[in-house]
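For reference, the structure discussed in these notes is given below.
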Amino acid sequence: MKNIKTKGMIIIVSAPSGAGKSTVCNALLESDKNIVFSVSTTTRHPRDGEKNGREYFFVDEETFKKDIENDMFVEWANVHGHFYGTSKKFLSDTINKGKDVILDIDVQGAVKIKKIYKDALMIFITVPNMKILRERLIKRNKDSLDVIKTRLNNAEKELKYLPKYDYLIINDELDKSIENIKSVINAERLSIKRNKNIFGGILK
Ligand code: ADP
Ligand code: 5GP
């Protein structure tokens with residue numbers, strides 16, 4: 001069965017800012033080497049500890065606009081006042097190599113990707129309540145209070161997109177959330193719809 005080539009799976013993970021998406025995704029990436037992270041390009045300034053090319057490619061607006069003109073992005077959006085875009089080439093190259101890829105993108109981007117890649121898996125991470133979200137954003141200590149306010153205001157709008165997603169993870173206990181995201185991905189990998197091309201091999 002090993003020589004049957006399957007395309008990688010696109011795993012979209014969205015969440016209101018501060019819900020713990022990066023924490024959960026980093027743990028997943030650490031434990032599953034068949035999944036790679038799609039590094040987006042953004043005009044947001046790097047936070048303390050962020051490195052160009054690891055969390056994001058950090059660029060100015062002029063560069064971002066040139067990238068749009070040059071059709072570099074499979075999707076891009078303005079999120080919380082900054083531009084963010086997903087590399088078209090990296091995404092298609094990665095799934096063509098049979099690697100699964102995580103897109104940590106907002107709800108607007110998620111809908112755009114789903115239109116192009118109909119079998120993309122859509123996972124939404126949230127928190128038990130808004131009070132916890134606020135506390136996490138403050139405790140993270142990376143954004144100003146103004147930025148935190150904008151992100152909390154946007155959380156309500158983002159939650160309206162929930163019905164478009166396949167799975168919901170309420171990130172209360174971190175260990176449980178990591179287990180849950182792994183379970184979702186493993187179940188999808190075993191699904192009939194993602195394994196149609198191996199049927200012939202089984203019958204041989
Ligand atoms: P996001 O990527 O969704 O904006 P982060 O992963 O940066 O969020 O998490 C926001 C803050 O919440 C971080 O300080 C992180 O350590 C913390 N955090 C993440 N998950 C949990 C959890 N289950 N319980 C408590 N704190 C958490
Ligand atoms: P942050 O500034 O906290 O890193 O990210 C802010 C938001 O932008 C998050 O919801 C994140 O998922 C989203 N985001 C990151 N990269 C992209 C991207 O390439 N496209 C879109 N549409 N959203 C992105």
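The values are calculated or read from the model by the stated rules, or taken from the named source; none is laboratory data. Keep in mind that what you see is a predicted model, and the values were worked out from it rather than measured. Because the Cβ atoms are built from the backbone with ideal geometry, glycine has one as well, and the counts that use them run over all protein chains shown. Keep in mind that these areas ignore ligands, DNA and RNA; they rest on the heavy atoms of the full protein, side chains included. Shrake-Rupley method; radii C 1.70, N 1.55, O 1.52, S 1.80 Å.
Within the range 167-178, is there a residue that is touching a strand residue (DSSP E or B) at 6+ places or on another chain (Cβ under 9 Å), open to solvent by less than 70 Å² (accessible area, probe 1.4 Å), among the hydroxyl-bearing types (S, T, Y) and more than 30 Å from T6 (Cα to Cα)?
For the range 167-178, residues touching a strand residue (DSSP E or B) at 6+ places or on another chain (Cβ under 9 Å), open to solvent by less than 70 Å² (accessible area, probe 1.4 Å), among the hydroxyl-bearing types (S, T, Y) and more than 30 Å from T6 (Cα to Cα): absent.
Kindly provide the set of residues from the range 130-160 that are open to solvent by less than 70 Å² (accessible area, probe 1.4 Å) and either assigned to a loop (DSSP other than H, G, I, E, B) or over 13 Å from A19 (Cα atoms) (or both), ordered by number.
Matches in the range 130-160: D143, S144, V147, T150.
What number of residues in the range 170-201 are free of Cβ contacts under 8 Å to residues at least 24 places away in the same chain and not basic (K, R)?
Number of matching residues: 12.
Please state which one of D119, D67, D71 is more than 28 Å from E179 (Cβ to Cβ), in contact (Cβ under 8 Å) with a residue 12 or more places away in the chain and open to solvent by 70 Å² or more (accessible area, probe 1.4 Å).
D71
Name the strands (runs of 3 or more DSSP E) wholly inside the range 32-84 in which the number of residues that are on the phi > 0 side of the Ramachandran plot is 3 or more.
Filter on the range 32-84 gives an empty set.
Condition test on S22, is it among the hydroxyl-bearing types (S, T, Y), within 16 Å of ligand 1 (Cβ to nearest atom) and assigned to a helix (DSSP H, G or I)?
yes
Within the bounds of the range 124-146, is there any residue that is farther than 25 Å from L29 by Cα and of a type in the set (S, T, N, Q)?
Within the range 124-146 (the criterion being farther than 25 Å from L29 by Cα and of a type in the set (S, T, N, Q)), the answer is yes, since at least one residue qualifies.
Which ones in the range 74-98 are more than 13 Å from ligand 2 (Cβ to nearest atom) and open to solvent by less than 30 Å² (accessible area, probe 1.4 Å)?
The answer is T94, I95, G98.
Taking the range 99-111 as the region of interest, how many residues are more than 17 Å from L159 (Cα to Cα) and open to solvent by 30 Å² or more (accessible area, probe 1.4 Å)?
So the count comes out to 1.
Among the listed residues S183, S177, S144, identify the single one that is modelled with pLDDT under 95 and not charged (D, E, K, R).
S144
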